[in-house]
Amino acid sequence: MCRYDEVRLRSDDGKVVADHYAPLRCVRATTFGRWVLTCMLDQGTEVVVMPEAVWKTLGMGMRSDYHLNMESVNTSKDMTLGVIENVPLDFGGGPMYFQVQVMKCANFDILLGRPFFKLTSCRTSDLPDGEQDIFLMDPNMRKQMHIPTLL
């Protein structure tokens, strides 16, 4: 099963099969008109999250009285530090507003989970070579955007 035909993995009998893994894709967003953040797309996450270091850099107020207990796929649990309400993220068509949980540490600027996909009516277009485009709808301005993703 180790033969690759162009960008597709094939089994020994020639059937096209799924890859062993596919990396998450990212988009860039501007917040408060000056900071550009790399936002990881993850439909398997129930929240929008940013690490404490990014929150401190942005200098925004956080509600420390609102915590969520987050459970990872390996069943480990982490409590968020709080929530930043109505964070503006601009993906190129004007700001959209998100409730962003803050966690102690993470290896991303922002993780865009299900609330992002719901708010923006996000649709994805995935290709066999791993490329992905997303299609967003701004719910306030009714603008539609087509955005290529990054690794």
Report the label-to-label distance for MET79 and ASP12 in nanometres (one decimal), using points 7 Å from each Cα along the Cα→Cβ vector. 5.3 nm
Per-residue [θ]222 nm for the chain (sum of -39500 (n - 2.57) over DSSP H runs n ≥ 4, rounded to 500): -2500 deg cm²/dmol
Once phi is turned into ³J(HN,Hα) by the Karplus curve 6.51 cos²θ - 1.76 cosθ + 1.60 with θ = phi - 60°, what whole-Hz value does each residue of segment 94-103 show in order, with x for glycine and proline? x, x, 10, 10, 10, 8, 10, 6, 10, 10
So if each residue of separation counts as 0.36 nm, and I subtract the Cα-Cα distance between LEU127 and GLN99, what length gain in nm does that give? 7.0 nm
Spelling it out for MET103: with amide H atoms placed in the peptide plane at 1.01 Å from N, the residues 5 or more places away or on another chain with amide H under 5 Å from its amide H are MET50, GLU52, LEU81
Could you grab the relative contact order for the chain? Cα pairs under 8 Å, six or more apart, rounded to a whole percent. 24 percent
Specify the residue with the greatest mean-square fluctuation among GLU85, GLU131, GLU71, computed from a Gaussian network of the chain linking alpha-carbon atoms under 10 Å apart. GLU71
Phi to ³J(HN,Hα) by Karplus 6.51 cos²θ - 1.76 cosθ + 1.60 over segment 52-63, Hz, x for Gly, Pro: 4, 4, 5, 4, 5, 5, 6, x, 8, x, 10, 7
Which log10 I(q)/I(0) values does the chain give at q = 0.09 Å⁻¹ under the Debye formula, counting every alpha carbon as one identical point scatterer? -0.34
Pull out the extension gain between HIS146 and TRP35, defined as 0.36 nm times the separation in residues minus the alpha carbon to alpha carbon distance; nm, one decimal. 37.8 nm
Karplus couplings for segment 73-84 from phi (6.51 cos²θ - 1.76 cosθ + 1.60, θ = phi - 60°), rounded to Hz, Gly and Pro as x? 4, 8, 6, 6, 10, 9, 8, 6, 7, x, 10, 9
accessible surface per residue for the chain, probe 1.4 Å, DNA/RNA/ligands not counted, whole Å² -> 62 Å²
GNM on the chain, Cα springs under 10 Å; top mean-square fluctuation among ARG123, ARG28, ARG114 goes to ARG123
Difference of contour (0.36 nm per residue) and Cα-Cα distance, HIS20 to ASN86: 20.0 nm
Mind putting a number on the dipole of the chain about its Cα centre? Charges go on the C-beta only, +1 for Lys and Arg and -1 for Asp and Glu, and I need it in Debye to the nearest 20. 380 debye
Only Cα pairs within less than 10 Å get springs; with that Gaussian network setup on the chain, which residue of ASP65, ASP109, ASP78 has the largest fluctuation? ASP65
With a 1.4 angstrom probe the carbon and sulfur portion of accessible area for segment 43-151, in percent, totals 50 percent
What's the Cα-based Rg to Rh of segment 33-90, Rh via Kirkwood? 0.96
Amide H neighbours of ILE110 at under 5 Å, excluding residues fewer than 5 places away on the same chain, with H built from the backbone geometry, are THR38, MET40
As a test, work out the antiparallel percent of DSSP beta bridges whose residues both lie in segment 13-111, rounded to the nearest 5. 75 percent
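The values are calculated or read from the model by the stated rules, or taken from the named source; none is laboratory data. Bear in mind that the values here come from a model prediction, so they are computed numbers and not experimental data. No Cβ is skipped: glycine too gets one built from the backbone with ideal geometry, and neighbour counts run over all protein chains shown. These area figures cover heavy atoms from the full protein model, side chains too; ligands, DNA and RNA do not enter into them. Shrake-Rupley method; radii C 1.70, N 1.55, O 1.52, S 1.80 Å.
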